[in-house]
Each structure stands twice: as C-alpha cells, then as structure tokens.
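Notes for the one structure printed next.
The values are calculated or read from the model by the stated rules, or taken from the named source; none is laboratory data. Only a predicted model underlies this, so the values are computations on that prediction, with no experimental measurement involved. Cβ: placed from backbone, ideal geometry, glycine included. Neighbour counts: every protein chain shown.
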Amino acid sequence: MAFELQKLPYAYHALEPYIDAQTMEIHHDKHHAAYTNNLNAAIQGSSLEGKTIEEILAIISAQPIAVRNNGGGFYNHNLFWDVMAPGGAKSPEGDLKKLIDHSFGSYQNFKEAFTKAALTRFGSGWAWLVKQGDSLVISSTPNQDNPLMDLAEVKGIPVLGVDVWEHAYYLKYQNRRPDYVDAFFNVVNWDEVARRFKG
C-alpha cells in the first residue's frame with residue numbers, strides 16, 4: 001500500500017503570525033507532496049513495499065539515496081505538522097517538564113541548546129529533541145536524515161523537530177534563521193510532544 005500525504009491538522013494560516021500561510025501551503029502541498037510521491041516511486045516493486053516508514057528508516061543505510069532522502073522527508077514532515085499547533089504554545093508541563101528540567105537543567109537551557117542545534121546546522125537539515133530510553137537529548141541531522149535512521153550519529157525516537165531548510169522559512173524570514181527558530185517556539189504543541197514521549 002502506498003504512503004499517503006498527511007493532511008495538515010489546521011488551516012494554512014493557522015500558525016500566523018509566526019509561520020505564514022503561503023509558506024505552509026507551498027511547504028505541505030509542494031515539498032511534502034513531492035517527498036511522498038517520490039518515496040512511493042522509489043520503493044515500488046521492491047522488498048520495501050508494505051513496510052512502515054519506521055521499518056524502512058531503520059535499514060536506510062542499505063537503501064538507495066532516493067529512499068533515504070524521500071523517506072526521511074516523508075517522516076520528518078509528518079512529525080513537523082503534528083508538533084505545531086495554532087494559538088500559541090504552552091510550556092511543557094507535568095512529567096515532560098520534569099524530564100526536560102532533569103535533562104537540561106531548565107526549560108530555558110533546553111530552548112537555548114535546541115536553538116543552537118538548529119542554528120549551527122550548516123545548510124539544510126533539522127534539529128531534534130530525541131527520546132533515548134527514559135532520557136532526552138538534542139541532536140541535528142543534515143538534509144532529510146533523522147534519529148530513526150540506522151546511520152544517524154544520535155539514535156532514538158524524535159519527539160520534536162524543527163525544519164531548517166530554507167523552504168520552511170525563507171518567504172517570511174529570508175536569511176534570518178534565528179528569528180524563524182525563535183518564532184517556532186510560539187507554536188510548539190507540547191501536548192503532542194508529551195504524547196510522543198510516552199509512546
């Protein structure tokens with residue numbers, strides 16, 4: 001069964017003023033749709049057909065580059081849409097807040113470390129908050145790689161990710177990646193992040 005493009009869980013304009021409607025429409029309908037279509041084309045007729053995206057990413061080092069790039073793009077964007085929500089973000093609460101405080105010293109320390117990972121990723125890529133057992137760590141990956149891939153330097157389950165490809169922010173922020181990453185924290189869906197951590 002072919003992978004399907006995930007619908008946005010909110011309207012294109014729902015994340016304004018932090019992420020603009022035009023960016024959301026192009027990002028979802030063009031970029032994410034292309035990753036989805038290209039992934040389906042890359043695995044058609046192969047032993048990967050019928051596997052989950054997580055199963056594919058777990059053996060990605062043995063796959064053609066088209067599967068790596070488009071499989072990562074498909075998974076990463078599915079996560080990205082879900083970990084954002086309209087109406088602004090609350091800070092993490094409950095067990096997740098305790099774990100962030102335990103792992104990084106405070107929410108502010110986490111935010112600074114996550115921002116640094118996003119800003120120091122050269123070129124295109126992602127910054128991640130990653131579940132490793134009962135712990136949280138921060139990493140970044142190039143292109144459409146992610147921590148589920150068997151070739152990732154930091155392996156684990158991504159629970160929060162920010163896309164730092166220019167197509168994610170250039171229309172509104174041009175070359176001002178720091179402004180975009182700062183704005184991202186206003187739309188983080190911490191309930192979804194906590195759900196992903198609990199698994």
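Selection within segment 153-187: residues that are among the aromatic types (Phe, Trp, Tyr) and either at pLDDT below 95 or within 21 Å of Gly87 (Cα to Cα) (or both). The member of this set that is surrounded by the fewest Cβ atoms within 10 Å (Cβ to Cβ) is Phe185. Filtering Asp150, Asp101, Asp145, Asp134 for residues that are farther than 22 Å from Met24 by Cβ and at pLDDT below 95 leaves a single hit, Asp134.
Checking every residue in segment 72-82 against the condition of being over 17 Å from the mean Cα position of the chain (by Cα) and either hydrophobic (A, V, I, L, M, F, W, C) or surrounded by 15 or more Cβ atoms within 10 Å (Cβ to Cβ) (or both) gives zero matches.
Answer yes or no: is there a residue in segment 41-53 that is modelled with pLDDT of 95 or more and within 29 Å of Phe185 (Cβ to Cβ). Yes, some residue in segment 41-53 is modelled with pLDDT of 95 or more and within 29 Å of Phe185 (Cβ to Cβ).
Closer than 18 Å to Val164 by Cβ, in a helix (DSSP H, G or I) and hydroxyl-bearing (Ser, Thr, Tyr), is that true of Tyr75? Spelling it out, Tyr75 is indeed closer than 18 Å to Val164 by Cβ, in a helix (DSSP H, G or I) and hydroxyl-bearing (Ser, Thr, Tyr). Listed conditions (1) surrounded by 14 or more Cβ atoms within 10 Å (Cβ to Cβ); (2) in contact with a helix residue (DSSP H, G or I) (Cβ under 6 Å, 6 or more places away or on another chain); (3) in a loop (DSSP other than H, G, I, E, B) are all met by Arg121, apart from (2).
Quick check on segment 44-57. Is at least one of its residues on the phi < 0 side of the Ramachandran plot, surrounded by 13 or more Cβ atoms within 10 Å (Cβ to Cβ), of a type in the set (Val, Ile, Thr) and over 16 Å from the mean Cα position of the chain (by Cα)? Yes, the conditions are met somewhere in segment 44-57.
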